[in-house]
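Structure record follows, encoded as structure tokens.
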Amino acid sequence: MILALVVVTALGFDFTNGFHDTGNAMATSIATGALKPKVAVGLSAVLNLVGAFLSVEVALTVTNAVIKVQGADGAPKPEFLADQGVPLLLIVLAGLVGGIVWNMATWLLGLPSSSSHALFGGLIGAAIAALGFGGVNWVGDGSKLDGVVGKVILPALFSPVVAGVVAGIGTWLIFRITAGVAQRFRETGFRWGQIGSASLVSLAHGTNDAQKTMGVITLALIASGHWQSTTGIPFWVKLACALAIAAGTYIGGWRVIRTLGKGLVEISSPQGMAAESASAATILASSHLGFALSTTHVATGAILGSGVGRRGATVRWGVAGRMVIAWLITLPSAAAVGAVMWWIGHLLGGLAGSLVVFGILVVSAAGMYLRSRKTAVHAGNVNNEWDGKVGIPATGETSKELTRA
Amino acid sequence: MHNISLALDGAWKVLLVSLALGAGLPALFAIGIKAMAFGTGGDAETDHAAPHPVGRVVAMVCFAVVVAVALLGILFIVASGMGKALSFEHIYPTIVDKGH
């Protein structure tokens, strides 16, 4: 029963992961009118689905990087296996709830924060509550990038900068090279490049992010004795995770898409292509070299870079500043929620505790959803002119870009 | 503080590879657009020059290279997802086992 709650919650996290991150790949294509909003999220959803199936590498060690509940091979440590793995399941459940609640809250505010940080933050908080500070893998053993510092904090510092520099240089080169080309001709041409590069980002997102949930679910299955292999993932887990992230992507976190596409930079097709190419290249190069990083940080850095690289482009540093603050507090906030959830679950104990934690998740998620309806952002108004308010759509005319597309 | 030096070391590599692919490819695409405009002439360019057919050929070559590299990128994602790696030891890409 507790296992079922963990699985459902993990899939719920995967869903919020999908819809929170649609904008990373598609915000620029939607903003420039290269793709109609519905087409963009549909394309991204399909590519996320495909991408999730392509990632068959064992993802069990995802949680290993930040909390100490597993041995080196990814199997849970024996002390967590008492009582059908309930101690471990509660940590994972509390961590997931922390991740989801924070993802929903930042989505409500229209801030693109990192889903990976939310998940890791939730798990770290739950582990601190359950095991003390020693339950967290802070720096690893020094032989490779590991632990909270190596796998979470440092990549978050350098990846947006790298992506931003690349996108800035790319944008600058593009406008230098295409000087003398009529603006209309240039915009039309670069839309194709934009669609291609955004598709690559979607595919990479599916392979990177769905894997994390697959690892968490498989860990829970092993802990409760429903799965033995530490080198394989049950097919139904893969299928469920792929579908959850694709469904989330298709629903589309329009509030976040709006902030990324319209709020940061007034973006044109060439800038969009530069930003998405920089994102795709940075994500692929880092994952090849074994760096964990957040798609969100990369995409945001790249979009900012594409604004800096074009002379005279509008870059709203105030919006960027709010995002950076959201990034800084994501990990501690999700950790706080995760820790509180663990305490509640532990205090009540057993199934009752887990049910209450799950209930709190459902109520808070429903509450935030209802709150979002008051100022709904959707495919129809996502491209309205930016009026300076993050997370709140401008009323009035649909912007020209949208109707022209 | 091994983590910091390891991260800086890695960040440089990521930056170099990303610059080559993430800025290089869009630049090549831009050259393609420029050549296409040169080939199309008229309203495609701000000076409304006459069309130059050679521009279209150059553009097609540029676009073909960009598409080829992008396809390689997809192949790369697929291969690493399957626990394989791309090898260029035969010049053309082949899929081999990881750690080969």
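The values are calculated or read from the model by the stated rules, or taken from the named source; none is laboratory data. If you're wondering where the values come from, they're calculated on a predicted model, not measured in any experiment. Glycine also receives a Cβ, built like all others from the backbone with ideal geometry; neighbour counts cover every protein chain displayed.
What to note about this one:
- Test result for A:Ile245, assigned to a helix (DSSP H, G or I), touching a Cys at 6+ places or on another chain (Cβ under 8 Å) and either away from chain B (no Cβ under 12 Å) or acidic (Asp, Glu) (or both): no
The rows are residues; the columns are (1) at negative phi; (2) at pLDDT 90 or above; (3) buried (at least 24 other Cβ atoms within 10 Å of the Cβ).
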residue: A:Ile325; (1), (2), (3): yes, yes, no
residue: A:Thr330; (1), (2), (3): yes, yes, yes
residue: A:Leu348; (1), (2), (3): yes, yes, no
residue: A:Gly367; (1), (2), (3): yes, yes, no
residue: A:Ser372; (1), (2), (3): yes, no, no
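- Some residue of segment A:274-288 being of a type in the set (Asp, Glu), farther than 17 Å from A:Gly12 by Cβ and surrounded by fewer than 22 Cβ atoms within 10 Å (Cβ to Cβ): no
- Residue within segment A:67-86 that is touching a Phe, Trp or Tyr at 6+ places or on another chain (Cβ under 8 Å), within 14 Å of chain B (Cβ to nearest Cβ) and either surrounded by 21 or more Cβ atoms within 10 Å (Cβ to Cβ) or assigned to a helix (DSSP H, G or I) (or both) present: no
- When segment A:29-41 is filtered for residues that are in a helix (DSSP H, G or I), surrounded by fewer than 24 Cβ atoms within 10 Å (Cβ to Cβ) and not β-branched (Val, Ile, Thr), only A:Lys38 remains.
- Put simply, of B:Ala50, B:Ala59 the only residue that is over 12 Å from the mean Cα position of the chain (by Cα) and part of a loop (DSSP other than H, G, I, E, B) is B:Ala50.
- The lone exception for A:Gln271 - which of (1) out of contact with any strand residue (DSSP E or B) (no Cβ under 9 Å at 6 or more places or on another chain); (2) within 12 Å of chain B (Cβ to nearest Cβ) it fails: (1)
- Residue match in segment A:42-55 (condition: at pLDDT below 95, crowded, with 23+ Cβ neighbours inside 10 Å, within 30 Å of A:Ile360 (Cβ to Cβ) and more than 14 Å from chain B (Cβ to nearest Cβ)): no
- Flag for B:Ala30 being at the interface with chain A (Cβ under 9 Å from one of its Cβ atoms), free of Cβ contacts under 8 Å to residues at least 24 places away in the same chain and surrounded by 15 or more Cβ atoms within 10 Å (Cβ to Cβ): yes
- Qualifying residue in segment A:372-382 (condition: in a helix (DSSP H, G or I), touching a residue at least 12 places away in the same chain (Cβ under 8 Å) and under 19 Å from A:Val152 (Cβ atoms)): no
- Of all residues in segment B:36-76, exactly one satisfies the criterion of being in contact with a Lys or Arg (Cβ under 8 Å, 6 or more places away or on another chain) and without any contact (Cβ under 8 Å) to a residue 12 or more places away in the chain, namely B:Asp43.
- If you check A:Leu203, A:Leu219 for being at pLDDT 85 or above, crowded, with 24+ Cβ neighbours inside 10 Å, at the interface with another protein chain (Cβ under 9 Å from one of its Cβ atoms) and assigned to a helix (DSSP H, G or I), only one passes: A:Leu203.
- Scanning segment A:168-189 for residues that are in a helix (DSSP H, G or I) and either facing another protein chain (nearest Cβ under 7 Å) or among the acidic types (Asp, Glu) (or both) turns up A:Ile169, A:Gly170, A:Leu173, A:Ile174, A:Ile177, A:Phe185, A:Arg186, A:Glu187, A:Gly189.
- Residue check for B:Ala35: within 11 Å of chain A (Cβ to nearest Cβ), of a type in the set (Gly, Ala, Ser), out of contact with any Leu (no Cβ under 9 Å at 6 or more places or on another chain) and assigned to a helix (DSSP H, G or I): yes
- The criterion of being of a type in the set (Val, Ile, Thr) and out of contact with any helix residue (DSSP H, G or I) (no Cβ under 7 Å at 6 or more places or on another chain) does not hold for A:Val86.
- Pair list, Cβ < 9 Å and 6+ apart or interchain, from segment A:114-143 residues that are farther than 30 Å from A:Gly23 by Cα to residues that are crowded, with 24+ Cβ neighbours inside 10 Å and of a type in the set (Lys, Arg): A:Asn137/A:Lys151; A:Gly140/A:Lys151
- Residue within segment A:150-167 that is at pLDDT below 90, outside any helix (DSSP H, G or I) and among the aromatic types (Phe, Trp, Tyr) present: no
- Residues that are at pLDDT 90 or above and among the aromatic types (Phe, Trp, Tyr) within segment A:70-117 comprise A:Trp102, A:Trp107, listed in sequence order.
- Within segment A:101-156, being away from every other protein chain (no Cβ under 14 Å) and hydroxyl-bearing (Ser, Thr, Tyr) holds for A:Thr106, A:Ser113, A:Ser114, A:Ser115, A:Ser116.
- Scanning segment A:307-343 for residues that are of a type in the set (S, T, N, Q) and more than 25 Å from A:Ala275 (Cβ to Cβ) yields a single hit, A:Ser333.
Residue-by-condition table, conditions (1) facing chain A (nearest Cβ under 7 Å); (2) touching a Phe, Trp or Tyr at 6+ places or on another chain (Cβ under 6 Å); (3) modelled with pLDDT of 80 or more; (4) more than 26 Å from A:Val201 (Cβ to Cβ):
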| residue | (1), (2), (3), (4) |
| --- | --- |
| B:Asp9 | no, no, no, no |
| B:Leu16 | no, no, yes, no |
| B:Glu45 | yes, no, yes, yes |
| B:Leu75 | no, no, yes, no |
| B:Ala85 | no, no, no, no |
| B:Lys98 | no, no, no, no |
